[in-house]
Amino acid sequence: MSERQALTRGIRRWLVFFIVCLVLSGLTAFPLVTELRWTEDLLSASASPVPEHFPGLMEWITRVREGLDTIDREQPFMLYGTDWLAFAHLVIAVAFYGPYRDPVRNIWVIEFGMIACAGIIPLALICGPIRGIPFWWSVIDMSFGVFGVIPLLMVRRMIKRLEVLERAATAANPAAVPAGA
């Protein structure tokens, strides 16, 4: 296997991983009310150490579940906003098919994703306190940006190496390099 093929395979593997994570993140935003009920039940079970060792987490999960139950019961249309959040994750995941197909040409999608990951941090630091979100929960939210940017940085680095190889191959024999290879 050539270095170009190995780089393309590595890029595609990381992109599939990233796309799957985006899709899963999006899909979990649809059933929030049910998920929070299940989470509270799981964390408050007799075998769970959470109520005893992490009472703040338990209180927060209960508060969020109660809030979602109230919204679901009295103002269910408000949950439509989280449906759009879920949809946005799915649409963004689709955008990463471009770099999967032609990494060099679509590196801008990777860079866009990196900017979005960086944007999570100021959003959490600004909007978290405004909305009464505990700081430790904002740190969890910020971790999505930190951990999300890691595969994108790796993919960007591999795409830059692939670009150099493609330019060298094109310079050596312009007719031998198919577009999007």
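Residue order by solvent-accessible surface for Leu68, Leu165 is Leu165, Leu68, largest first, with ligands and nucleic acids left out and a 1.4 Å probe. Here, P(r) means the percent of Cα pairs in each 10 Å bin from 0 to the largest distance; for segment 17-104 it is 16, 33, 28, 16, 7, 0.
Of the listed residues Glu111, Glu166, Glu74, the order by accessible area with a 1.4 Å probe, largest first, is Glu74, Glu111, Glu166. Summarising the overall dimensions of the chain from its C-alpha atoms, the Rg and Dmax are 21.3, 69 angstrom. Once the Kirkwood radius over Cα pairs is known for segment 99-173, the Stokes-Einstein relation at 4 °C and 1.567 mPa s delivers a diffusion coefficient of 92 µm²/s. Summarising the label geometry, the points placed 7 Å from Cα in the beta-carbon direction at Lys160 and Met78 lie 4.6 nm from one another.
What does the C-alpha gyration tensor say about the overall shape of segment 63-148? Classify as rounded when a/c is under 1.5, otherwise prolate if a/b is larger than b/c, or oblate. Because a/c hits 1.5 or more and a/b fails to exceed b/c, segment 63-148 counts as oblate. Annotation: for a label point projected 7 angstrom from Cα along Cα→Cβ of Phe17, residues of segment 129-149 with backbone N closer than 19 Å are 143-149. Modelled spin-label separation between Ala47 and Trp108, with each label point placed 7 Å from Cα along the Cα-to-Cβ direction: 5.3 nm. Normalised by the number of residues in segment 1-96, the average gap of Cα pairs under 8 Å and 6 or more apart makes the relative contact order 43 percent.
Near Val20, once Lys and Arg are set to +1 and Asp and Glu to -1 for all other residues with Cβ below 13 Å from its Cβ, the sum equals +2. Length gained on full extension, Thr62 to Gln5, computed as 0.36 nm times the residue gap minus the Cα-Cα distance: 15.5 nm. Charge dipole of segment 59-181 (Cα centre as origin; +1 on each Lys and Arg Cβ, -1 on each Asp and Glu Cβ, all else neutral): 580 debye, rounded to the nearest 20. Rounded, prolate or oblate: which fits segment 84-125, taking a ≥ b ≥ c as square roots of the Cα gyration tensor eigenvalues, rounded meaning a/c under 1.5, else prolate when a/b beats b/c? Oblate is the answer for segment 84-125, as a/c is 1.5 or above yet b/c matches or exceeds a/b.
Summing Lys and Arg as +1 and Asp and Glu as -1 over all other residues whose Cβ lies under 13 Å from the Cβ of Leu125 gives a net charge of 0.
Just the protein heavy atoms count here, and of the accessible area of segment 37-80 at 1.4 Å, carbon and sulfur take up 60 percent. Computed with every protein chain present, the accessible area of Trp137 is close to 70 Å² [probe 1.4 Å]. Entry note, the chain: relative contact order of 29 percent, from Cα contacts under 8 Å with a spacing of 6+ residues. Residues in the chain average 64 Å² of solvent-accessible surface per residue, probe 1.4 Å, ligands and nucleic acids excluded.
With 0.36 nm allotted per residue and the present C-alpha distance subtracted, the Glu35-Phe54 stretch has 4.9 nm of extension available.
Largest to smallest in accessible area, the residues Asp69, Asp41 fall in the order Asp41, Asp69 (1.4 Å probe, all protein chains included).
The values are calculated or read from the model by the stated rules, or taken from the named source; none is laboratory data. What you see is a predicted model; the values in this text were computed from it and never measured. Quick reminder, even Gly has a Cβ in these numbers, built from the backbone with ideal geometry, and neighbours come from all protein chains shown. Accessible surface areas use protein heavy atoms only, side chains included; no ligands, DNA or RNA. Shrake-Rupley method; radii C 1.70, N 1.55, O 1.52, S 1.80 Å.
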